[in-house]
Amino acid sequence: MNHSRTDRAVGLRMPRSRGAVSGLLLVILGAWGALIPFVGPHFNFAYTPDQDWTWTTARGWLEVFPGVTTVVGGLLLIFSANRAIAMFGGWLAVLGGAWFVVGGQFAPMLRIGTVGDPVATTDRKRALLEVTYFSGLGALIVFLGGFALARLAVRLARDVEPVEPEEALVPAGSAPGNGPYMSAVDGPAPEVAGVSSGAITRPRVEHFTPSEAAPPAESRWRSSFRGQSAGAPGGPGNAYLRWPHPQR
C-alpha cells in the first residue's frame, strides 16, 4: 500500500515549466476578455453601451466570468507542480474559452441579457469586434488549453527517477563475499568445472569438494595425453609418447 501511494505521488509530480508558457498565454487572453469591454469604449472599440467601466449583467456573465475562469486556469498551469492540479487548470481554461464562443447563444435562455451591438460602421469592423471579443478569442483559448492538457497527459522520461541496480545474488544484510556464490564485482574466482569464466555469478571453490573442482591445466593435459597413448597402436616410437619417458 505504501509503495502504491509513493508511485502515485511520483507519477503526479512534474516540472513547473511544463505548462508555464501556455499558462502565461492563457492569463493574457483571459485578462483581455475580462477587461476589454470596460476599456474598449475609450478607443472606440466596443459594444453598446460604449462607455468606460460600465457594468451590466450580460458583461459580467458573458465576458468577465469566462475571462476570470481562464486567468485562474492559466495561473494553475504556471505555478502548479502537481499534474492533477495543472490539468484541472487546463480544463478551466478550456471551459472559459468555450463559454466565450457559445455563451451569447445561451444568454436569452438564461435571461442574462445581451452584450449589445457592435459600435461599427463597416462590416469589417463588426467582424473584427466579434472575433476579438468572443468567437476568435474563445477558439484560441480552447486551442491553448487543449495543447496544455496534451502536454500534461504525457509522462516523459525525465519525469521518472532512475533506480539504482542492486548487486546480484547478495542477500539483504549480508556483506559481499559471504555465501556460496560470488559476483563479478568481488574479483576473479578460480576456475570451476562446468562453469563459464564469463558468468556474472560463480560458485566459490571452498564450498565444493576437491573432486568437484577443476584439476590444474597440466594435470588435464597429462591425463588426456596418457589416454591417447594407451589407445595408440604399439610400436617402438610410441614409447616416447608415454609419460614419464622411459629411460634407456
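Annotation: amide H-H contacts under 5 Å for M14 (H modelled 1.01 Å from N, sequence separation of 5 or more, or interchain): R83. Using R0 = 25 Å, the C-beta based FRET efficiency linking R111 and T54 works out to 0.80. The fraction of accessible area contributed by carbon and sulfur in the stretch 19-128 is 72 percent, rounded to a whole number (1.4 Å probe; ligands and nucleic acids excluded).
Restricting the chymotrypsin sites (Phe, Trp or Tyr not before Pro) of the stretch 41-96 to loop positions (DSSP other than H, G, I, E, B) with no more than 14 neighbouring Cβ atoms within 10 Å leaves W53, W55.
In sequence order, the stretch 90-104 has phi-based couplings of x, 5, 4, 5, 5, 5, x, x, 5, 5, 4, 7, 9, x, x Hz under the Karplus curve 6.51 cos²θ - 1.76 cosθ + 1.60, θ = phi - 60°, and Gly or Pro positions carry x. In the distance distribution for the stretch 34-114, Cα-Cα pairs more than 22 Å apart total 35 percent. When all alpha carbon pairs of the stretch 1-147 are counted in 10 Å bins from zero, the resulting P(r) reads 13, 36, 28, 14, 7, 3, 1 %.
The values are calculated or read from the model by the stated rules, or taken from the named source; none is laboratory data. If you're wondering where the values come from, they're calculated on a predicted model, not measured in any experiment. So basically every Cβ, Gly included, is an ideal-geometry build from the backbone, and we count neighbours across all protein chains shown. Accessible surface areas use protein heavy atoms only, side chains included; no ligands, DNA or RNA. Shrake-Rupley method; radii C 1.70, N 1.55, O 1.52, S 1.80 Å.
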